[in-house]
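A.B. asks: Have a look at the structure that comes next, please.
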Amino acid sequence: MNGLADFLAMGGYAAYVWPAMGLTVAVLIGFVVTSLRRLRRTRRQLAALEAARQSTRARRKAAEGKP
Amino acid sequence: MQRYANPGRFLRLADAILPWAAGLAAALILLGLYLGLIKSPADYQQGDSVRIMYVHVPAAWMALFCYLTIAAASFVALVWRHPLAHLVAKAASPVGAGFTFVALVTGSLWGKPTWGTWWVWDGRLTSVLVLFFLYLGHIALFTAFDDPRRGQKAAAILALVGVVNLPIIKFSVDWWSTLHQPASVFRLDGPTIHPDLLWPLLVMGLGFMAYFLAVLLVRVKDEVLSARLRALALVQAGV
Amino acid sequence: MKVLLALIGRDLRLVWRQRGEPLIGVAFFLLAALLFPFGVGPDTDLLRQIAPGIVWVAALFAVVLSLERPFHADHEDGTLEQLALTALPLPLLVLAKALVHWLTSGLLLVLAAPLIAVIYDLPGELLPVLLLALLLGTPILSLLGIVVAATTLGARRGSILIPLLALPLFVPVLILGVLAVEAAASGLPARPHLLLLAAGLLLALPLALLAGPAALRQALDEG
């Protein structure tokens, strides 16, 4: 128990050490999250565009089928 | 390298490397944090505040490393016109700026208990501040033009001009700060660093590198797919 | 050589037609330097101490604000593209633009600096060092600045982008320039700093003549 309290207190420097660690972790996680989100969004948009292309192609093929 | 100019090939390579890079990054960073926060000893003079060093110094290393990566990518982009090189530079820049920001703020948080003020005109901290603005300018250039390709080329040229200037800037700021610093300046990581303090530092440094690789791969993938998206949208519009 | 002189002559004539512009730059330089005493108080000792720094910072700002001028007019009316299409070697064009820019900004600042030295009560023996440092440093600013200006031609927020990109690159010149005067003030030789500035100028020349044309080419290729 004492160990945890001591650890968190960081020898009296807690007010400096923990924000520093927190900022670092926040930035690291932040970039991971935003980069992955962006990638996901691009993938979705790409898939949607591909699907639209398929359907236009299919429609056109069907239209060609009719004389 | 030319083989990976093919986007499809690059995407497959990226997908192969990514899980390893990410896993390695997570493992090393967690290990580094454990070593730095728990296992390693407090400093004789600075107490536990020295633990900030374990994020501050690797972040500063990465701030520099990312910029060198950008410079290399810019060189490849301009000289060999490798199509992915511009994308690498564009993807790396915000991450580099992020590391720089972390280096600055953690440096500040470390400096306050050590030197008594939030900002010290230490040669290193000040050079990193100038580097931060180089990053901001670089990032701004990509979106400054209507034609994205112009933005890429402009950014590449300025990245190279910047990298030539970087050692000059660092040298001049260092010199200036030593001339103006009071004689009793405390050298943060002295000439010889105790191995107990060195290991967490190295582990964190490697962890950050692996992290950079992983995030970079994700971001470049996104750039490649976005380019494909734009091309398809143009085709679609023509349909 | 003839081509170079022709380019310089043409640009100088163009600037002369709008000779207000460089003068406004000088006025801004003086005004900026004049504001500081109002901010920090009239303590002559303090002012004497910060004078070199003030002169140099004001010079940097004045130079940075004038960087849009060299390429702007030619770019607007298409002359730049015309010039690039001819057999004109681009490094020559860049050199001409940088030289004219220096003649109409840096050089003028060197001439105006003594006024600031007087207001700040800078000791007379420091003035030659200050002027020499400015003489060596401002061409570096013009050379680097021209590259930045060429790179940002036609950019959307060019007027804000140019200072953001140029000022970090200007920092070493600023530092060396101030250190030269401060060294002289404390009785130390200013020569090493001045030599470094000279070396910087010799370095900036090939850098600008390499990067400038590259920047112009990418600016003009995409139209």
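Derivation of every value follows stated rules applied to the coordinates shown; laboratory data play no part. Keep in mind that what you see is a predicted model, and the values were worked out from it rather than measured. A quick note on method: Cβ atoms are made from the backbone with ideal geometry, for glycine too, and the neighbour counts reach across all protein chains shown.
A.B. asks: Could you give the angle, 0 to 90 degrees to the nearest 10, between helix A:14-65's Cα long axis and the longest principal axis of the Cα atoms of chain A?
C.D. replies: Rounded to the nearest ten degrees, it is 10.
A.B. asks: Tally Lys and Arg at +1 and Asp and Glu at -1 over the other residues with C-beta under 13 Å from the C-beta of B:Ala233: what net charge comes out?
C.D. replies: +2
A.B. asks: Quick one: order C:Val129, C:Val148 by neighbouring beta-carbon count within 10 Å, fewest to most.
C.D. replies: Fewest-to-most ranking of C:Val129, C:Val148: C:Val129, C:Val148.
A.B. asks: Over every pair of different alpha-carbon atoms in segment C:70-121, take the mean of 1/r and invert it; report that Kirkwood radius in Å.
C.D. replies: Value: 13.1 Å, from the Cα pair sum.
A.B. asks: Across peptide B:155-164, what mean number of C-beta atoms from other chains lies inside 10 Å of a residue's C-beta?
C.D. replies: Across B:155-164, the average partner-chain Cβ count within 10 Å equals 5.
A.B. asks: Additional query: How big is segment B:98-177 by the Kirkwood estimate over distinct Cα pairs, in Å?
C.D. replies: 13.9
A.B. asks: At a temperature of 4 °C and a viscosity of 1.567 mPa s, determine how fast segment B:1-95 diffuses translationally according to Stokes-Einstein, using the Kirkwood radius over alpha-carbon pairs as Rh; express D in µm²/s, rounded to the nearest whole number.
C.D. replies: 81
A.B. asks: Just the Kirkwood number for chain A, please: inverse of mean 1/r across all distinct Cα pairs, in Å, one decimal.
C.D. replies: The answer is 16.8 Å.
A.B. asks: Stokes-Einstein at 37 °C, 0.692 mPa s, Kirkwood radius from Cα pairs: D for segment C:32-153 in µm² s⁻¹?
C.D. replies: 207
A.B. asks: Still on this structure, please answer the following. Under 10 Å, Cα contacts only: if you run a Gaussian network model on chain C, which one of C:Gly106, C:Gly53, C:Gly39 comes out with the highest mean-square fluctuation?
C.D. replies: C:Gly39
A.B. asks: Of B:Ala85, B:Phe10, A:Leu8, whose Cα points farthest to the positive end of the dipole of the protein assembly as shown (charges on the beta-carbon: +1 Lys, Arg; -1 Asp, Glu; origin at the Cα centre)?
C.D. replies: Final value for the positive-end residue is B:Phe10.
A.B. asks: In whole Hz, what ³J(HN,Hα) sequence does segment B:124-138 give by Karplus (6.51, -1.76, 1.60; θ = phi - 60°), x for Gly and Pro?
C.D. replies: Result, rounded to whole Hz: 5, 4, 5, 4, 5, 5, 5, 4, 4, 6, 4, 4, 4, x, 4.
A.B. asks: Given a Förster radius of 56 Å and the C-beta distance between A:Arg44 and C:Glu125 as r, what FRET efficiency does 1/(1 + (r/R0)^6) yield to the nearest 0.05?
C.D. replies: Working from the Cβ atoms, E equals 0.20.
A.B. asks: In deg cm²/dmol, rounded to 500, what helix-only [θ] at 222 nm does the protein assembly as shown give when every DSSP H run of at least 4 residues adds -39500 (n - 2.57) and the total is split over its residues?
C.D. replies: Per the formula, -28500 deg cm²/dmol.
A.B. asks: A further question follows. Can you tell me the dipole magnitude for segment A:23-67 around its Cα centre, using point charges on the Cβ only (Lys, Arg +1; Asp, Glu -1), in Debye to the nearest 20?
C.D. replies: 220
A.B. asks: Just add up the charged neighbours of B:Ala159: K/R +1, D/E -1, any other residue whose Cβ is under 11 Å from the Cβ of B:Ala159.
C.D. replies: Net local charge, B:Ala159 excluded: +2.
A.B. asks: OK, next. Compute the angle between helix B:195-238 and the longest alpha-carbon principal axis of chain B, please, reported from 0 to 90 degrees and rounded to the nearest 10.
C.D. replies: On a 0 to 90 degree scale, this one is about 20.
A.B. asks: A further question on this structure: P(r) of the protein assembly as shown in 10 Å steps, Cα pairs, percent per bin?
C.D. replies: In order of increasing distance, the bins hold 3, 16, 23, 22, 19, 11, 4, 1, 0, 0 percent.
A.B. asks: Pick out the long, greasy-scoring helices in chain C: whole DSSP H runs spanning 18 Å or more along their own axis by Cα, mean Kyte-Doolittle at least 0.5.
C.D. replies: C:2-17, C:20-40, C:44-65, C:90-103, C:106-119, C:127-151, C:158-185, C:191-221
A.B. asks: Out of B:His86, B:His194, B:His56, any idea which swings most in a Gaussian network model of chain B, alpha carbons joined below 10 Å?
C.D. replies: Of B:His86, B:His194, B:His56, the most mobile in the Gaussian network model is B:His194.
A.B. asks: Here is a further query. Which of B:Trp118, B:Ile157, B:Leu24 sits closest to the plus end of the dipole of the protein assembly as shown, meaning its Cα is farthest towards the positive end, when Lys and Arg get +1 and Asp and Glu get -1 on the C-beta?
C.D. replies: So the residue we want is B:Leu24.
A.B. asks: Find which of C:Leu90, C:Gly187, C:Ile175 sits farthest along the positive direction of the dipole of chain C, computed with +1 on the beta-carbon of Lys and Arg, -1 on that of Asp and Glu, about the Cα centre.
C.D. replies: So the residue furthest toward the plus end is C:Leu90.
A.B. asks: What is the percent of Cα-Cα separations in chain C that go past 33 Å?
C.D. replies: In whole percent, the share of Cα-Cα pairs in chain C beyond 33 Å is 18.
A.B. asks: Taking the Cα centre of chain B as origin, work out the dipole magnitude from +1 charges on Lys and Arg Cβ and -1 charges on Asp and Glu Cβ, in debye rounded to 20.
C.D. replies: Using Cβ point charges on Lys, Arg, Asp and Glu, chain B gives about 800 debye.
A.B. asks: For a quick check, take a GNM of chain C with Cα springs below 10 Å and name the residue from C:Leu201, C:Leu144, C:Leu85 with the largest mean-square fluctuation.
C.D. replies: Between C:Leu201, C:Leu144, C:Leu85, it is C:Leu85 that shows the largest mean-square fluctuation.
A.B. asks: Moving to a separate point now. What number results when the radius of gyration of segment C:1-62, computed over Cα atoms, is divided by 2.2 N^0.38 Å?
C.D. replies: For segment C:1-62, the normalised Cα radius of gyration is 1.63.
A.B. asks: Rounded to the nearest 20 Debye, what is the dipole magnitude of segment C:17-133 about its Cα centre when Lys and Arg each give +1 and Asp and Glu each give -1 at the C-beta?
C.D. replies: With only Lys, Arg, Asp and Glu charged at Cβ, the dipole is about 160 debye.
A.B. asks: Note the angle between two axes, namely the Cα long axis of helix B:148-180 and the longest principal axis of the Cα atoms of chain B, as a number of degrees from 0 to 90, rounded to the nearest 10.
C.D. replies: 10
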